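Chemist: This is the structure, below, for whatever I ask next.
The values are calculated or read from the model by the stated rules, or taken from the named source; none is laboratory data. Fair warning: this is a prediction, and the values are worked out from it, not measured in the lab. Counting neighbours? That spans all protein chains shown, and the Cβs are built from the backbone with ideal geometry, glycine included.
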Amino acid sequence: MNQQRSEELFREAQRFLPGGVDSPVRSYKAVGGTPPFIVKGRGSRIFDVDGNEFIDYVSSWGPLILGHSHPQVVEALKKAVERGTSFGAPTELEITLAKIISAAIPSIQMLRFVNSGTEATMSALRLARAYTKRDNIIKFAGGYHGHADGLLVKAGSGAVTLGIPDSPGVPSGYARNMLTAPYNDATAVEQLFELNPEKIAAVIVEPVAANMGVVPPRPGFLESLRNLTSRFGSLLIFDEVVTGFRVAYGGAQVKFEVAPDLTCLGKIIGGGLPVGAYGGRKDIMEMVAPVGPVYQAGTLSGNPITMTAGIETLKLLHQPGFYEQLENKAASLEKGIAIAAARAGVNVYISRVASLLTVFLTGDRVIDYESAKRASTAAFSRFFHSLLAEGIYWPPSQFEAAFVSFVHSEEDVQLTIGAIEKALNSL
Ligand code: KE4
């Protein structure tokens, strides 16, 4: 595959941008090689500066459930831009999108728009601490909630531990307030509550983990978190930045029928434009400034361009049969991969929830971060580059999700399965 221009641009980009990118995963550091520099996206395809075409399963890391440059979204954006890009003042568009989200996700009685998932989770934690007057938070090993200081914390050794900073620059005090437990282990969470009575403000969880690769909640896990947080007077926060409007129109909480106190959203609700949101029970949200004392603000929060893209996108998702058709495409891909792996004689663990999918290069079941880490990242890198050479743009990390979009055609799926079989045979 010719990557001459991408290689030139990557060298130049590294002079001005750390790692040549504006978000680490895009640098291909996890898999090696040169990331293609993209010039255009159309439907399920993206095109790079060297004229290569790819079937895209990154989908901008989730927002593009309708594929690239959906005509209705583009049309609406063109009209919106001509009316002005931002006013720093209230607009009706914010009400419209808030009403659509609240109607889809009943636990969200009130919400605040921000500009990224990071801002959403950071604000939700501040609000939970203010509401409960407690400092500690429980998160899960392998859970990612954006890069706010207090959340860049990883599990220490042992099952239930005090968090330790997962990045230089995170004050040890922040990490001390973060407790970690293994995903899918409600007993560990109960232990943390019993060890820290009346100190835990909230539990934050990805209701379907997508940042250790895709790991579904074990039956009863989310219900246990709901019961434990209610029992101990803490809040339950669902980080649905990935799962919101992805695994179902109302997100994971509607799919699994567990209602959190607060929900964080991002990605799809902005239709490909920068966005985040946090929302939930009215009595909690009314603590947010200017109604309440919890400060949070943002220059471009709720801007009319993002709101327009979000409104158009969610309107298109709310069509009868949308998620069923999307799920069928993903199920067809999963089935084809399983057959290809069997024919290639390669042990893989395919983990799929709705249109989120990870092919773990391991023969073992993956139920949490420890088991996910047993997958072979070396084999994954070879798998990834074989796919890229075949024109399949797979997520460049073993610990990310592939995103199937509504515009992936049956032909796309079959081409992908063929490329995956070739990749597995080359391992
Ligand atoms: P952003 O700040 O990147 O908009 O959202 C942070 C975030 C919060 N919560 C969850 C569950 C997330 O997955 C994310 C961000 N997702 C990653 C992909 N796993 C974004 C890709 C990137 O970091 O470049």
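Chemist: Consider Gly233 carefully, then state whether it is assigned to a loop (DSSP other than H, G, I, E, B) and crowded, with 19+ Cβ neighbours inside 10 Å. Before the answer, list the steps.
Modeler: Details: assigned to a loop (DSSP other than H, G, I, E, B): yes; crowded, with 19+ Cβ neighbours inside 10 Å: no.
For Gly233, the condition - assigned to a loop (DSSP other than H, G, I, E, B) and crowded, with 19+ Cβ neighbours inside 10 Å - is not met.
Chemist: Looking at this structure, is Thr118 over 18 Å from Met287 (Cα atoms), among the β-branched types (Val, Ile, Thr) and more than 16 Å from the ligand (Cβ to nearest atom)? Let's see the steps before the verdict.
Modeler: Numbers: over 18 Å from Met287 (Cα atoms): yes; among the β-branched types (Val, Ile, Thr): yes; more than 16 Å from the ligand (Cβ to nearest atom): no.
Taking the combined requirement at face value, the residue does not satisfy it.
Chemist: A follow-up question, please. Considering only residues that are part of a loop (DSSP other than H, G, I, E, B) and within 13 Å of the ligand (Cβ to nearest atom), look in segment 245-290 and name the one that is surrounded by the fewest Cβ atoms within 10 Å (Cβ to Cβ). Step through it out loud before you land on a result.
Modeler: Our first condition is that a residue be part of a loop (DSSP other than H, G, I, E, B); within segment 245-290, this holds for 245-247, 249-250, 256-261, 271-275, 281, 286-287, 289-290.
Keeping just the survivors that are within 13 Å of the ligand (Cβ to nearest atom) gives 246-247, 272-275.
Values: Arg246: 29, Val247: 26, Gly272: 25, Leu273: 19, Pro274: 17, Val275: 30.
Here the residue is Pro274.
Chemist: Can you tell me which residues in segment 196-230 are more than 24 Å from Gly266 (Cα to Cα) and assigned to a strand (DSSP E or B)?
Modeler: Ile200
Chemist: Please work out if Ala30 is at pLDDT below 95, within 16 Å of the ligand (Cβ to nearest atom), under 27 Å from the mean Cα position of the chain (by Cα) and at negative phi. Working first, answer last.
Modeler: On the way: at pLDDT below 95: yes; within 16 Å of the ligand (Cβ to nearest atom): yes; under 27 Å from the mean Cα position of the chain (by Cα): yes; at negative phi: yes.
It is true that Ala30 is at pLDDT below 95, within 16 Å of the ligand (Cβ to nearest atom), under 27 Å from the mean Cα position of the chain (by Cα) and at negative phi.
Chemist: Among the residues of segment 96-103, is there at least one that is in contact with a His (Cβ under 8 Å, 6 or more places away or on another chain) and crowded, with 24+ Cβ neighbours inside 10 Å?
Modeler: no
Chemist: Need at least 2 residues that are over 20 Å from the mean Cα position of the chain (by Cα), surrounded by fewer than 16 Cβ atoms within 10 Å (Cβ to Cβ) and free of Cβ contacts under 8 Å to residues at least 60 places away in the same chain per element, so show me which helices (runs of 4 or more DSSP H) inside segment 313-410 make the cut, counting only ones lying wholly within it. Quick ask: steps written out before the conclusion?
Modeler: Numbers: elements: 322-344, 369-372, 377-389.
Correct list: 322-344.
Chemist: I would also like to ask the following. Applying the selection to segment 1-19, what residues are part of a helix (DSSP H, G or I) and in contact with a Pro (Cβ under 8 Å, 6 or more places away or on another chain)?
Modeler: Our first condition is that a residue be part of a helix (DSSP H, G or I); within segment 1-19, this holds for 4-16, 18-19.
Residues satisfying the conditions are Ser6, Phe10.
Chemist: OK, next. Just to verify a result, which residue in segment 16-25, among those that are within 13 Å of the ligand (Cβ to nearest atom) and surrounded by 15 or more Cβ atoms within 10 Å (Cβ to Cβ), is nearest to Leu361 (Cα to Cα)?
Modeler: In this case the residue turns out to be Val25.
Chemist: Listed residues Ser405, Ser351; which is within 23 Å of Arg218 (Cβ to Cβ) and modelled with pLDDT of 95 or more?
Modeler: Answer to the check: Ser351.
Chemist: Moving on to the next point. From the set of residues in segment 121-158 that are in a loop (DSSP other than H, G, I, E, B), free of Cβ contacts under 8 Å to residues at least 40 places away in the same chain and within 11 Å of the ligand (Cβ to nearest atom), which is surrounded by the most Cβ atoms within 10 Å (Cβ to Cβ)?
Modeler: Only one residue fits best here, namely Ala148.
Chemist: Out of Ile65, Ile46, Ile38, which single residue is under 28 Å from Ala330 (Cα atoms), within 16 Å of the ligand (Cβ to nearest atom) and touching a His at 6+ places or on another chain (Cβ under 7 Å)? I'd like the intermediate steps shown before the answer.
Modeler: Values: Ile65 fails: touching a His at 6+ places or on another chain (Cβ under 7 Å); Ile38 fails: touching a His at 6+ places or on another chain (Cβ under 7 Å).
None of the others qualify; the one that does is Ile46.
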